[in-house]
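> Handing you this structure, nothing more for now.
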Amino acid sequence: MTDLATLPTTRDEDWRYADAAALEASDANTLTDWTEIAVPAGESRAESRDVTGIERIRVRIGKGGRFELSAVNAAPDYARLECEVTLEDGAHFEFGGVTIGGGSETREFVTRCIHGEPNATSNQVVRAVHWGKAVGNFLGRIEVVRDAQKTDAAQNFRAILLEKGASANTKPELEIFADDVKCAHGAAIGALDQSAGFYMAARGIPLEIARKLQVQAFIADAFENIEDGELGEKLLERALSVLEGAQL
Amino acid sequence: MLKIENLHAEVDGKKILNGLTLEVGAGEVHAIMGPNGAGKSTLAYTLGGRPGYEITEGSVTFDGQDLLDMEPHERAAAGLFLGFQYPVEIPGVSNVQFLREAANAQRKARGEEALTGGEFLKLAKEKAALLRMDMDMLKRPVNVGFSGGEKKRNEMVQMGILDPKFAILDETDSGLDIDALRTVGDGINSIMRDAGKGVLLITHYQRLLDYVKPDKVHILAKGRIVKTGGPELALELEREGYEEVV
Ligand SMILES: Nc1ncnc2c1ncn2[C@@H]1O[C@H](COP(=O)(O)OP(=O)(O)OP(=O)(O)O)[C@@H](O)[C@H]1O
Ligand SMILES: [Mg+2]
């Protein structure tokens, strides 16, 4: 069975921004495996990841259930977290993700959010902070099936590039077959606000601390809706720890 | 205390300060007035060390040290405070967090002990009360959603907390209502009127000078000081305008 698995390439839509060399070197099984999670109707589950390597999670959220995924992708090598979620009536999917780091690595999140029944909601917030020649990606596909009226799906991606060679990619894909649907999507890529940096310096805050405060404020958005506040704090700390060691 | 000699500076290749010379002694308040675009804010930014403001000639010493040789945050730690004409918004960073980082970074640079959370809050409360600012505003992100006047008042709360030796206040009076102007004037006097401190007040209006009496008034035009006088010069300007006086 394992020999049948074929390696994806960057010609595949879902892998278009992936690190081609890292893919070729990978074990096909890890690329095609899924961790399966079922959230029973009316119940709530949360998963959190400090992403390394490639992981794929497939989730089915029962009626009125809630699934929350929070993740920091600050890996030292190519790393990708992929999540495919199917929502039943009135279910909610919450995703908060941060890619952060330098080097020349690609770090990415890929989500496929299937609103399979009416009244389901989803909210995805991804923040990317990169320097060096690093790449941060967020590919988010939202599918709303024919009968999934009153779907409310939101996706927001923002990236800050601390140095010229870094880059960020996002590719929202909406496939909507119902008519009474709200889909909000926002994306922005920019640099740190230099006037805020000087304002902080003028008050005595050294550049590294000013940058850390700004980045912290920026990525905090991703974990704002995470129900476990302590977990949110931990993820923030983890993300900021790579910034602290950065040579900028 | 602050000695500026023959300062020339340019921004984006455009010459803005053209041989500006000015000295403010300890215990003194000097006002700088001048037409729009004269270079007043450029002077403030240059003294603060803003990136992009290139000094092509001249020198600035602050308490005997070469100011131009220091990084912006080092200038602050040395006791220089810049009150911004347009205070900057910092989303996601609360005033309390921002000011505590600032106060402790300055203390660390000077080899002093950091303030504990309790000590800092006590100080912040005291200064907010001095400037009649609601403590709740200090919990909000820095300047985000503040009205023009609230931003200026917030600058003065920050000055109170950081307790600088020398303040350059760029149009701190602009945008303040009549009562706020008095509060801010009183605040400047209470924080900065001291034999060991100095103030450079950049303003367009005489009114603030009724509360904070300057020892000298300078007129800055086309990047240099073109006239210096006593407090009466500000009154003369108010009556007759720059064209007559300069
Ligand atoms: N980045 C820049 N590039 C080119 N010119 C600039 C730049 N920044 C400022 N200037 C110019 O420098 C001159 C001085 O500006 P500055 O802000 O110092 O004036 P000011 O005296 O503070 O005026 P105001 O009273 O209106 O605040 C203006 O003519 C302005 O247009
Ligand atoms: Mg100005």
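> Restricting attention to segment A:2-51, which residues are closer than 30 Å to A:Lys63 by Cβ and of a type in the set (D, E, K, R)?
Selection gives A:Asp14, A:Asp33, A:Glu36, A:Glu43, A:Arg45, A:Glu47, A:Arg49.
> A follow-up question, please. Among the listed residues A:Ala71, A:Ala91, which satisfies the condition of being over 24 Å from A:Ala168 (Cβ atoms), buried (at least 18 other Cβ atoms within 10 Å of the Cβ) and in contact (Cβ under 8 Å) with a residue 12 or more places away in the chain?
Matching residue, one of A:Ala71, A:Ala91: A:Ala91.
One line per residue, one yes/no per condition, for (1) more than 16 Å from ligand 2 (Cβ to nearest atom); (2) among the charged types (D, E, K, R); (3) within 14 Å of chain A (Cβ to nearest Cβ):
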position	(1), (2), (3)
B:Leu20	no, no, no
B:Glu23	yes, yes, no
B:Val29	yes, no, no
B:Ile32	no, no, no
B:Gly37	no, no, no
B:Glu57	yes, yes, no
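> From B:Leu82, B:Leu43, B:Leu47, which residue is facing chain A (nearest Cβ under 8 Å), under 13 Å from B:Ile168 (Cα atoms) and among the aliphatic types (A, V, I, L, M)?
Result: B:Leu82 is the single residue among B:Leu82, B:Leu43, B:Leu47 that is facing chain A (nearest Cβ under 8 Å), under 13 Å from B:Ile168 (Cα atoms) and among the aliphatic types (A, V, I, L, M).
> Further, regarding this structure: Six or more apart or on different chains, Cβ atoms under 8 Å: show the pairs whose first residue is in segment A:3-32 and without any contact (Cβ under 8 Å) to a residue 12 or more places away in the chain and open to solvent by less than 50 Å² (accessible area, probe 1.4 Å) and whose second is not hydroxyl-bearing (Ser, Thr, Tyr) and not in a loop (DSSP other than H, G, I, E, B).
From segment A:3-32, the pairs are A:Trp15/A:Leu23.
> Continuing with the same structure: If I ask for residues that are open to solvent by 70 Å² or more (accessible area, probe 1.4 Å) and of a type in the set (Asp, Glu), which ones from segment B:109-156 would you list?
Within segment B:109-156, B:Glu112, B:Glu113, B:Glu119, B:Glu126, B:Asp134, B:Asp136 qualify.
> Those residues that are in contact with an Asp or Glu (Cβ under 7 Å, 6 or more places away or on another chain) and either modelled with pLDDT under 95 or open to solvent by 20 Å² or more (accessible area, probe 1.4 Å) (or both), I need them from segment A:181-211; list them, please.
Once the filter is applied, which keeps residues that are in contact with an Asp or Glu (Cβ under 7 Å, 6 or more places away or on another chain) and either modelled with pLDDT under 95 or open to solvent by 20 Å² or more (accessible area, probe 1.4 Å) (or both), segment A:181-211 yields A:Lys182, A:Ile209.
> Here's something else I'd like to know. Would a scan of segment A:234-247 turn up a residue that is of a type outside the set (A, V, I, L, M, F, W, C), part of a strand (DSSP E or B) and either open to solvent by 40 Å² or more (accessible area, probe 1.4 Å) or at negative phi (or both)?
no
> Taking the residues in segment B:1-18 that are outside any strand (DSSP E or B) and within 13 Å of ligand 1 (Cβ to nearest atom) as candidates, determine which candidate is nearest to the other protein chains (Cβ to nearest Cβ).
B:Asp12
> Of everything in segment B:28-53 that's more than 11 Å from ligand 1 (Cβ to nearest atom) and not in a helix (DSSP H, G or I), which residue is surrounded by the fewest Cβ atoms within 10 Å (Cβ to Cβ)?
Among residues in segment B:28-53 that are more than 11 Å from ligand 1 (Cβ to nearest atom) and not in a helix (DSSP H, G or I), the one surrounded by the fewest Cβ atoms within 10 Å (Cβ to Cβ) is B:Pro51.
> If you take the residues of segment B:54-85 that are outside any strand (DSSP E or B) and within 16 Å of ligand 1 (Cβ to nearest atom), which of them is nearest to the chain's Cα centre (by Cα)?
B:Phe84
> Could you please tell me which pairs satisfy a Cβ distance under 6 Å, a separation of 6+ or placement on different chains, a first residue in segment B:94-108 that is farther than 14 Å from B:Asp136 by Cα and open to solvent by 60 Å² or more (accessible area, probe 1.4 Å), and a second residue that is part of a helix (DSSP H, G or I) and at pLDDT 95 or above?
Pairs found: B:Arg100/B:Phe120.
> List the number of the failed condition for A:Thr151; all other conditions in (1) more than 23 Å from A:Phe67 (Cα to Cα); (2) touching a Leu at 6+ places or on another chain (Cβ under 9 Å); (3) open to solvent by less than 70 Å² (accessible area, probe 1.4 Å); (4) of a type in the set (Val, Ile, Thr) hold.
A:Thr151 satisfies all of (1) more than 23 Å from A:Phe67 (Cα to Cα); (2) touching a Leu at 6+ places or on another chain (Cβ under 9 Å); (3) open to solvent by less than 70 Å² (accessible area, probe 1.4 Å); (4) of a type in the set (Val, Ile, Thr) except (1).
> Let me ask another. Of the residues that sit in segment B:199-216 and are within 22 Å of B:Phe84 (Cβ to Cβ) and in a strand (DSSP E or B), which one is nearest to ligand 2 (Cβ to nearest atom)?
If we take residues in segment B:199-216 being within 22 Å of B:Phe84 (Cβ to Cβ) and in a strand (DSSP E or B), then B:Ile202 is nearest to ligand 2 (Cβ to nearest atom).
The values are calculated or read from the model by the stated rules, or taken from the named source; none is laboratory data. Computed from a predicted structure; not experimentally measured. Backbone-built Cβ (ideal geometry, glycine too); neighbour counts: all protein chains shown. With ligands, DNA and RNA removed, areas are computed over all heavy atoms of the protein, side chains included. Shrake-Rupley method; radii C 1.70, N 1.55, O 1.52, S 1.80 Å.
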